[in-house]
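The values are calculated or read from the model by the stated rules, or taken from the named source; none is laboratory data. These figures come from a predicted structure and were not determined experimentally. When we count neighbours, we look across all protein chains shown, and the Cβ atoms used for this are built from the backbone with ideal geometry, even at glycine.
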């Protein structure tokens, strides 16, 4: 297994080294790869980015505990990507911006741009911690190794190729990781899970859909807000669209990623049901334990690499998005260089790893990152694309801050018992309504 991880690490580092020279030409070369990626590369990269710890470990836990209605986690993401592809992708790519905060700044001004960038950085660091936690869980469940040293080593590898090659390295490694994920989890493990279920059967209570005794319509609504909206308006998601060669490639990438999300969601749910039927529990390690149990020793090295690639296929994207928001939106223009971008990739990688090592609850980390982003950024960003209305910049900034603050207050204090993302998004919407104005047409 060590040899398999070493080969994988060498391959992604080689990608970073090969992309380093081209990524050093300037801001756009490092942050959006000179917008050089066609439809297939953009689709594979966006699919890889949006399929990670949430589509595997978190989804497996939800399916084991709540049955097939847990699929709403992935269906919400697919719905958000479909909305993005149908209605927003062309407009996003047409802005020619580098980051989501830059797009927001064009609508609301430089002050709001900085508020948005700060929220992006905070959310991306939490997501990075989530994906690092997920990697540690995979390593603990699939190997006898102490997870922390291996987690640190694998984190150093993808931080290295990200800071070396920028968006080019991220996209090209995403394509490699997507291939590993598809072969390992869909082509190999999924048929094994189906065969196992044919032998063991499954608890009928887990097969009710779309809702069930442990999952209500309100739970589905929460996931549509918590997960669906960030897939339609997401910093790392938009980074891939802004890196696409043209508007058509961006649209195809979003729609293709929506399909990929459904395929991997159904595959993960089937694997989770097989693991539950085998008595492997319902904890965060259910998915990797099931993969190892079903595959046996011969395939274990390859499938370990496939699972690590799945966990880390999003890590590089969120890390680069946090660095991009910093050098492109928070700091003065002189900092928008590949050198400063590399520095912040390393800094946020170290900080995110420290957060991951300090936290222990995968599901709570997942909810924290998505809640902060969804409650703060999404509604003002969507309104910027609605014709015929505008929001005062100071109100947009207030909505972002108030929505995020309300969600975090509910998350940590539990004052109302309502899901924090609904509280935060509701406060955001109320504040926005106070500053909503029709645009007068001549």
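Just to be sure before I move on: is residue 337 surrounded by 23 or more Cβ atoms within 10 Å (Cβ to Cβ) and either over 26 Å from residue 153 (Cβ atoms) or in contact (Cβ under 8 Å) with a residue 60 or more places away in the chain (or both) in the structure I sent? No; evaluated as a whole, the condition is false for this residue. Starting from residues that are in contact (Cβ under 8 Å) with a residue 12 or more places away in the chain and not in a helix (DSSP H, G or I), keep the ones in the range 263-309 and report whichever is farthest from residue 206 (Cα to Cα). Across the range 263-309, the extreme among qualifying residues is 299.
From the list 255, 273, 330, the one residue that fits, being on the phi < 0 side of the Ramachandran plot, modelled with pLDDT of 95 or more and crowded, with 21+ Cβ neighbours inside 10 Å, is 273.
Criterion first (in contact with a strand residue (DSSP E or B) (Cβ under 8 Å, 6 or more places away or on another chain), more than 30 Å from residue 14 (Cβ to Cβ) and surrounded by fewer than 22 Cβ atoms within 10 Å (Cβ to Cβ)) does residue 198 satisfy it? Here the answer is no, as residue 198 does not meet what is asked. Taking the range 65-75 as the range and being crowded, with 24+ Cβ neighbours inside 10 Å and either out of contact with any strand residue (DSSP E or B) (no Cβ under 9 Å at 6 or more places or on another chain) or under 22 Å from residue 378 (Cβ atoms) (or both) as the test, the residues that pass are 71, 72, 73, 74. Of the candidates 46, 57, the single residue that is modelled with pLDDT of 95 or more, within 22 Å of residue 266 (Cβ to Cβ) and in contact with a helix residue (DSSP H, G or I) (Cβ under 8 Å, 6 or more places away or on another chain) is 46. Within the range 408-419, the presence of a residue that is surrounded by 24 or more Cβ atoms within 10 Å (Cβ to Cβ) and in contact with a helix residue (DSSP H, G or I) (Cβ under 7 Å, 6 or more places away or on another chain) is excluded.
Just one of the listed residues (117, 129, 123, 134) is at pLDDT 95 or above, buried (at least 23 other Cβ atoms within 10 Å of the Cβ) and either part of a helix (DSSP H, G or I) or in contact with a strand residue (DSSP E or B) (Cβ under 7 Å, 6 or more places away or on another chain) (or both), and it is 117.
Within the range 79-109, the set of residues being in contact with a strand residue (DSSP E or B) (Cβ under 8 Å, 6 or more places away or on another chain) and not in a helix (DSSP H, G or I) is empty.
Being modelled with pLDDT of 90 or more and surrounded by fewer than 24 Cβ atoms within 10 Å (Cβ to Cβ) holds for only one residue in 192, 163, 156, and it is 192.
Filter the range 191-217 for residues that are in contact (Cβ under 8 Å) with a residue 60 or more places away in the chain and assigned to a loop (DSSP other than H, G, I, E, B) and give the result. Across the range 191-217, the qualifying residues are 201, 202, 203, 208, 209, 210, 211, 214.
For residue 382, state whether it is touching a residue at least 60 places away in the same chain (Cβ under 8 Å), within 17 Å of residue 107 (Cα to Cα), under 23 Å from the mean Cα position of the chain (by Cα) and surrounded by 19 or more Cβ atoms within 10 Å (Cβ to Cβ). Here the answer is no, as residue 382 does not meet what is asked.
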